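Beneath this line is the structure, given in structure tokens, with notes to follow.
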């Protein structure tokens with residue numbers, strides 16, 4: 001049975017202090033890239049979702065907007081939204097990221 005990578009990822013991120021989330025996300029993506037290189041990536045949709053979230057956060061930190069290139073599962077969107085709110089409240093990313101997230105991912109689901 002394949003590991004549900006997103007569920008494991010979400011549990012890990014939700015338990016971390018806000019100031020550690022971005023670094024943990026980078027580390028997770030590095031592991032996913034390695035798994036992909038060695039053909040051990042069993043949950044490609046989960047990996048692409050996590051990569052998209054990391055890209056969004058990187059761009060949000062720089063005050064840039066991201067266009068959604070793929071739809072994300074609703075449960076992923078819900079978790080990411082909660083994480084963004086937490087990061088904004090901790091001052092890790094700018095407040096505009098909340099609106100930008102909705103524009104980038106939530107409107108993509110509804111279109």
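Structure notes:
- Of all the listed residues (10, 47, 24, 60), the sole one being assigned to a helix (DSSP H, G or I), modelled with pLDDT of 90 or more and over 23 Å from residue 106 (Cβ atoms) is 24.
- Exactly one residue out of 60, 47 is touching a residue at least 12 places away in the same chain (Cβ under 8 Å) and within 17 Å of residue 82 (Cα to Cα), and it is 60.
- Checklist (1) over 21 Å from residue 27 (Cα atoms); (2) assigned to a helix (DSSP H, G or I) applied to residue 77, failing item: (1)
- In this structure, residue 95 does not satisfy being closer than 19 Å to residue 12 by Cα and touching a helix residue (DSSP H, G or I) at 6+ places or on another chain (Cβ under 7 Å).
The values are calculated or read from the model by the stated rules, or taken from the named source; none is laboratory data. Since the structure is predicted, the reported quantities are computational estimates derived from the model, not experimental observations. Cβ sites come from the backbone with ideal geometry, for glycine too, and all protein chains shown count toward neighbours.
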